[in-house]
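For reference, the structure discussed in these notes is given below.
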Amino acid sequence: MNIQPLLDALDVQEDAARALADDLRTQVEELRDRLREAETHLKHLAITRKTVTGLADRLPARPSSPELPEHPDYPRILAVFNEAVGPLRARDVCEALDHELLPKNIEGTRAKLKRLVKLGILTEVDAGSFTRKQ
């Protein structure tokens, strides 16, 4: 009986299994390297957290920002000032908010700007000219 074809088939299967094992060993090594990098990164993050929390006690207390009045225009007004490059007048803010440029709207906006000055959020650099407080 000739067993050579059977041995040849076993050789093919052994070669395939050997190649698969080699590929898996390579993947395991790559995963070990990635795991080492991830563990090192975790250690660095833990050190950073410890440093930051240790320094947090030494930082001066930051005053909390004043709460805005409950009107939908206030956040929009602040957004206008965040985009502005210089001082704005009530008329400019009205225009940016797409309000009609009627005296009642301009005066209402001016009142809101004055209120933001009282809250310490804006400053009035000239009469009727407002800017974000630095």
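The values are calculated or read from the model by the stated rules, or taken from the named source; none is laboratory data. The model shown is predicted, which means the values in this text are computed figures rather than measured ones. Virtual Cβ from ideal backbone geometry, glycine too; neighbours counted across all protein chains shown. All accessible areas refer to the heavy atoms of the entire protein, side chains included, with ligands and DNA or RNA removed. Shrake-Rupley method; radii C 1.70, N 1.55, O 1.52, S 1.80 Å.
When the accessible area of the chain is computed with all protein chains present and a 1.4 Å probe, what percentage of it is carbon and sulfur?
Accessible surface attributable to carbon and sulfur in the chain totals 55 percent.
Could you tally the net charge around Arg36, taking each other residue with its Cβ under 13 Å from the Cβ of Arg36, Lys/Arg +1 and Asp/Glu -1?
So the surrounding residues net to -2.
Once both axes come from the Cα atoms, what is the angle between helix 73-83 and the longest principal axis of the chain, in degrees from 0 to 90, rounded to 10?
70
Taking a cut-off of 25 Å between Cα atoms, list the lysines near Lys133, but don't count ones fewer than 8 places away on the same chain.
Lys112, Lys114, Lys118
Highest first, please rank the peptides 17-25, 95-103 by the mean number of other Cβ atoms sitting within 10 Å of their residues.
Per-residue mean Cβ counts within 10 Å order the peptides as 95-103, 17-25.
List the residues whose amide H sits under 5 Å from the amide H of Leu122, counting only those 5 or more places along or on another chain, with H placed 1.01 Å from N in the peptide plane.
Under 5 Å from the amide H of Leu122 lie the amide H atoms of Val117, Lys133, each far enough along the sequence or on another chain.
Checking the a/c ratio against 1.5 first, then a/b against b/c, what shape does the Cα gyration tensor give for the stretch 77-118?
Here the stretch 77-118 falls in the oblate category.
With every protein chain present, what is the per residue accessible area of the chain (1.4 Å probe, Å²)?
About 81 Å² of surface per residue is accessible.
Work from the charge dipole of the stretch 1-72 (Cβ charges, +1 for Lys and Arg, -1 for Asp and Glu, about the Cα centre) and give the residue of Leu35, Gly54, Gln4 farthest towards its positive end.
Looking along the dipole axis, the top candidate is Gly54.
Near Lys43, which aspartates and glutamates are there with a Cα under 16 Å away, not counting those fewer than 8 places off in the same chain?
Asp33
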